[in-house]
1. Please identify, among P85, P40, P77, the residue showing maximal mean-square fluctuation in a Gaussian network model of the chain using a 10 angstrom Cα cutoff.
2. Please list, in chain and number order, the residues 5+ apart from G13 or on another chain whose amide H is under 5 Å from its amide H, with Hs placed from the backbone.
3. In percent, how large is the relative contact order of region 68-133, given Cα pairs closer than 8 Å and 6 or more residues apart?
4. Under 11 Å from a point placed 7 Å out from the Cα of D42 along the Cα-to-Cβ direction: which residues of region 7-32 have their backbone N that close?
5. Whole number please: convex hull volume per residue of the Cα set in region 68-133, in Å³?
6. For region 59-65, what does the Karplus curve 6.51 cos²θ - 1.76 cosθ + 1.60, with θ = phi - 60°, yield as ³J(HN,Hα) per residue in whole Hz, taken in order and with x for Gly and Pro?
7. I need the phi-derived Karplus couplings for region 37-52: 6.51 cos²θ - 1.76 cosθ + 1.60, θ = phi - 60°, integer Hz, Gly and Pro marked x.
8. Rounded, prolate or oblate: which fits the chain, taking a ≥ b ≥ c as square roots of the Cα gyration tensor eigenvalues, rounded meaning a/c under 1.5, else prolate when a/b beats b/c?
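A short reminder: the numbers here are calculations on the coordinates, not readings from a lab. Predicted, not measured: the structure shown is a model, and the values here were computed from it. Note that each Cβ is placed from the backbone with ideal geometry, even for glycine, and that neighbours are counted across all protein chains shown.
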Amino acid sequence: MPQVSPKPSTLVGPIAMFRGKAYAADVLLDGQVALCASEPADGFEVTALGRYRRVVQMADLDELFEMVVGGTVQGLPVRAADVVPTKQGQGLWVSYTGHVALLAEGLGLTKIDAGLYETAVAPDALADQETLQETPASWAAAVRGGR
């Protein structure tokens, strides 16, 4: 199994565009967002996990959204969760979104938990790719509110 990168994923969860750069984000209370970076950056503090964090007002963001990258691998429906290093170079860490354990196990996916199967694949193994950018109305209003 490949080692999962300690850097935050920009394929799952909230993504904040701040000063032209994309960051994994946590939406906090009171209109604030915690930005997460894997390397030091201006205004960021190191966390216990060795990542870097900066809290900003939602109104100061360029954009706030969630990415959904899905498709199929060998006919099985999956969602891409992260970009990971593999022996062949960069790969995608995917989670099976179907409900047939025998199919997932038959294709060699790793069982992570009951009904949860994951694996790393080459980027070109993701067929029928569909990428959606979703923005909850409350996020859009809060980001626009600062303009």
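1. Among P85, P40, P77, the largest mean-square fluctuation in the Gaussian network model of the chain belongs to P40.
2. HN-HN under 5 Å from G13: M67.
3. Details: 116 pairs, mean separation 25.8, N = 66.
For region 68-133, the relative contact order is 39 percent.
4. Counting backbone N atoms under 11 Å from the label point, the list is 19.
5. Value for region 68-133: 86 Å³ per residue.
6. Computed from phi, the couplings for region 59-65 are 5, 8, 7, 6, 6, 9, 7 Hz.
7. Going residue by residue, I get 10, 8, 10, x, 8, 4, x, 9, 10, 6, 9, 4, 7, x, 9, 10 Hz, with x marking Gly and Pro.
8. Prolate is the answer for the chain, as a/c is 1.5 or above and a/b outweighs b/c.
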